[in-house]
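Bear in mind that the values in this text are calculations on the coordinates, not laboratory data. For clarity, every value in this text was computed on a predicted model and none was experimentally measured. Cβ sites come from the backbone with ideal geometry, for glycine too, and all protein chains shown count toward neighbours.
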Amino acid sequence: MDEETLERVRAEVRAIPPGETSTYGEIAERAGLRSPRLVGRILAEDGHDIPWHRVLRANGTCAPHIAAEQSARLRAEGVLLVDGRLPKPRR
């Protein structure tokens, strides 16, 4: 993976404000990538120093292997998951 792609993804994740979330797909789209999985890979390999916890799966859930830590970090920022999922906004 090239450094430019890595930095585009990292910049998009850093841009998510505290108390807000995004999805792997949204980050991929904004970074000009085809695959949300690539975003997940980048965060797993090089995301320890950015707010990786603000990126959720398309269905509003945490990845199972990081769910406890991710939900705790989100809760500390005021984002509450209901039954392990980000509640859908009311219309």
**Study point:** Close pairs from segment 62-87: first of a type in the set (Asp, Glu), partner surrounded by 11 or more Cβ atoms within 10 Å (Cβ to Cβ), Cβ under 7 Å, at least 6 apart
**Key:** Glu77/Pro18; Glu77/Gly19
Check your understanding: For Gly40, are the conditions met, namely being within 27 Å of Glu4 (Cβ to Cβ) and in contact with a helix residue (DSSP H, G or I) (Cβ under 7 Å, 6 or more places away or on another chain)?
Key -> yes
Review point. If a residue has to be in contact with a helix residue (DSSP H, G or I) (Cβ under 8 Å, 6 or more places away or on another chain), closer than 22 Å to Ser71 by Cβ, surrounded by 16 or more Cβ atoms within 10 Å (Cβ to Cβ) and not polar (S, T, N, Q) to count, how many in segment 10-31 make the cut?
Key: 6
Exercise for review: Would you be able to tell me the number of residues in segment 14-60 that are of a type in the set (D, E, K, R) and over 18 Å from Leu81 (Cβ atoms)?
Suggested key: 9
Review point. Just for segment 60-86: of the residues that are β-branched (Val, Ile, Thr) and either touching a Gly at 6+ places or on another chain (Cβ under 8 Å) or not in a strand (DSSP E or B) (or both), which one is surrounded by the most Cβ atoms within 10 Å (Cβ to Cβ)?
Key: Val79
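Is it the case, given these coordinates, that Arg34 is within 19 Å of Lys88 (Cβ to Cβ) and exposed (fewer than 14 other Cβ atoms within 10 Å of the Cβ)?
For Arg34, the condition - within 19 Å of Lys88 (Cβ to Cβ) and exposed (fewer than 14 other Cβ atoms within 10 Å of the Cβ) - is not met.
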Review point. When residues of segment 59-84 are filtered for being charged (D, E, K, R) and over 20 Å from Glu26 (Cβ atoms), how many remain?
Key: 3
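So which of Pro17, Pro51 ends up being of a type outside the set (Phe, Trp, Tyr) and without any contact (Cβ under 8 Å) to a residue 24 or more places away in the chain?
Pro17
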